[in-house]
Amino acid sequence: MPSKPIDLRSDTVTLPTPAMRTAMARAEVGDDVYGEDPTINRLEEFAAQRVGKAAAMFVPSGTMGNLCALLAHCQRGDEVIVGDASHIYNYEAGGASVVGGVAFHVLPNQPDGTIALDHLRAAVRWLDDPHCAETRLICLENTHNSCGGVALSPEYLASVAAFARERGLLVHLDGARMFNAAIALSVDVTELTRHVDSVMFCLSKGLAAPVGSVVCGDEAFIRRARRARKVLGGSMRQAGVIAAAGIVALETMVDRLEEDHANARMLAEGLAGFPQIVIEPERVQTNIVIFTLRDGISAEEFVVRLRERGVLMGDMGGGRVRAVTHYGIDAGDITETLAVAEEVLRAGSGVRDQGFPLH
């Protein structure tokens, strides 16, 4: 048993750093609905500058941020193109349809998280056909969660943006873990955002702030997004106490994401040594490790047995298991996780001391 629980379910379980707690305690606050919270104003200005956009809006969650963006871009009856493995389509409760009357046109995600340009070209509706919803927006995800934390390249984003401009469409980027992508690709984050009309990124995942996400775009878009946020109940008052942690996150937590990526690679390479686990370590680019199991133990059983021994991973369904590295997880935790996984797999397969590698 590890000396403390090792929680690899998600990077949403991160705890704020001491510097964040200090900043929160000392934050200068005001009423943000009146635009008078100086800490939120500073975060929004900083975030917009950081990702190369004109304006930004602080929201409680990434789900709300994406929904505000879709409502700001689309009218009722418009159509949004999304990937079949995207977070917006699978894990955000169909909010754009429920609240905004927006239709999803679902296209297959490729293993690298992209949507093939040929599929995009074939999907756009003819504007003069009254039978069809009018295509308005393309949504991309970077990094792509369900595809294993893969990073979409600037070149791919540029190609989608060029296509969108040709067809009079807009592009929104669900960049919940966008800074992970930038670190993995060794580019400034603006290389990933300059091609899109709007972007949402989370402060509360790998950047370890306790609450919040930011939506960025041009000033007209942000004005519309603020109206959508009000409709959704996301306008807050003296929320500078949480925005202060977001400022610290952007200032201090981006470069250290490489540590999470290194720990994820260490975990993936260790898991690849177990014959019951199917994984391609070379596909692990960021902080998400996804694998399947064979030879008699199910993903569900594996996750339960890990939990009983103090290691938490996520059962994604379909036989897939996800582990996410983050602030609070170090190389020693990865070593302990591999030792526990070895114990579980030995017990599950009935193998006892037959040359399993020691991790």
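The values are calculated or read from the model by the stated rules, or taken from the named source; none is laboratory data. The model shown is predicted, which means the values in this text are computed figures rather than measured ones. Here Cβ is always computed from backbone atoms with ideal geometry, including for glycine, and neighbour counts include all displayed protein chains.
Restricting to the stretch 117-161, and then to whatever is in contact with a strand residue (DSSP E or B) (Cβ under 8 Å, 6 or more places away or on another chain) and assigned to a helix (DSSP H, G or I), can you tell me which residue is farthest from Gly83 (Cα to Cα)?
Ala161
Quick one: is Val106 modelled with pLDDT of 95 or more, under 18 Å from Cys74 (Cβ atoms) and surrounded by 13 or more Cβ atoms within 10 Å (Cβ to Cβ)?
yes
Filter the stretch 228-259 for residues that are in a loop (DSSP other than H, G, I, E, B) and free of Cβ contacts under 8 Å to residues at least 60 places away in the same chain and give the result.
The answer is Gly233, and nothing else.
Quick check: anything in the stretch 183-205 part of a helix (DSSP H, G or I) and within 18 Å of Gly65 (Cβ to Cβ)?
Taking every residue of the stretch 183-205 in turn, at least one turns out to be part of a helix (DSSP H, G or I) and within 18 Å of Gly65 (Cβ to Cβ).
In the set Val278, Val254, Val199, Val214, which member is out of contact with any Cys (no Cβ under 9 Å at 6 or more places or on another chain), among the β-branched types (Val, Ile, Thr) and surrounded by 16 or more Cβ atoms within 10 Å (Cβ to Cβ)?
Val254
Do you know which residues across the stretch 1-26 are within 20 Å of the chain's Cα centre (by Cα), assigned to a helix (DSSP H, G or I) and crowded, with 19+ Cβ neighbours inside 10 Å?
Asp11
When the residues of the stretch 165-177 are narrowed to those that are buried (at least 24 other Cβ atoms within 10 Å of the Cβ) and in contact with a helix residue (DSSP H, G or I) (Cβ under 6 Å, 6 or more places away or on another chain), which ends up nearest to Val284 (Cα to Cα)?
Top of the filtered list is Ala176.
Of the residues Val51, Val33, Val29, which single one is surrounded by fewer than 21 Cβ atoms within 10 Å (Cβ to Cβ) and over 16 Å from Arg223 (Cβ atoms)?
Val29
Between Asp112, Asp32, Asp11, Asp84, which is in contact with a Gly (Cβ under 7 Å, 6 or more places away or on another chain) and of a type in the set (Asp, Glu)?
Within the list Asp112, Asp32, Asp11, Asp84, the selection yields Asp11.
Within the stretch 52-59, is even one residue farther than 16 Å from Ser198 by Cβ, part of a loop (DSSP other than H, G, I, E, B) and not β-branched (Val, Ile, Thr)?
no
Which numbered condition in (1) among the charged types (D, E, K, R); (2) modelled with pLDDT under 95; (3) not in a helix (DSSP H, G or I) is the only one that Arg346 fails?
Going through (1) among the charged types (D, E, K, R); (2) modelled with pLDDT under 95; (3) not in a helix (DSSP H, G or I) one by one, Arg346 breaks only (3).
Applying the selection to the stretch 60-119, what residues are among the aliphatic types (A, V, I, L, M) and over 14 Å from Leu137 (Cα atoms)?
Met64, Ala85, Ala93, Val98, Val99, Ala116, Leu117 - these are the residues of the stretch 60-119 that are among the aliphatic types (A, V, I, L, M) and over 14 Å from Leu137 (Cα atoms).
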